[in-house]
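The values are calculated or read from the model by the stated rules, or taken from the named source; none is laboratory data. The structure presented is a predicted model; accordingly, all values stated were derived computationally and were not measured. All Cβ positions, even for glycine, are placed from backbone atoms using ideal geometry, and neighbour counts span all protein chains on display.
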Amino acid sequence: MSLSQEFENAKSNLELLKNDPGNDAKLKLYALYKQASCGNCNTTKPGFADVVNKYKWNAWNNLKNMSKVNYYCCCYFYFNRLKIRENFRIFYL
């Protein structure tokens, strides 16, 4: 199976998550998505008072110069990590 097929399978499994993965996970996914769709961060850093967008900008900017292959690998492993974490959450309730 190719890397892009593995990525698509992992992405479809992510949509099946029953629980919200949390803000940190969503921020990571946002940054990975922006890096893949837009490339390196190309916007100015938001001001001090714009806290949410500043976190998004920092997350995206931290991924600068990430190659497409690295993007697919990071997403694939991150998606699977979220799925595994959700499955083990049952044991901690």
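At-a-glance table
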read-out	value
Qualifying positions in segment 30-67 - modelled with pLDDT under 85 and either in a loop (DSSP other than H, G, I, E, B) or loosely packed, with under 11 Cβ neighbours inside 10 Å (or both)	37, 39, 66, 67
Every pair of residues 6+ apart whose Cβ atoms lie under 8 Å, when the first sits in segment 45-70 and is under 18 Å from residue 32 (Cβ atoms) while the second is surrounded by 14 or more Cβ atoms within 10 Å (Cβ to Cβ) and polar (S, T, N, Q)	60/35; 63/35; 64/35; 66/35
Segment 1-29, subset among the aliphatic types (A, V, I, L, M) and more than 25 Å from residue 52 (Cα to Cα), residue modelled with the highest pLDDT	16
Pair list, Cβ < 7 Å and 6+ apart or interchain, from segment 14-38 residues that are over 23 Å from residue 70 (Cβ atoms) to residues that are of a type in the set (A, V, I, L, M)	17/82
Looking only at segment 33-68, and only at residues there that are among the polar types (S, T, N, Q) and within 15 Å of residue 23 (Cα to Cα), the one that is nearest to the chain's Cα centre (by Cα)	58
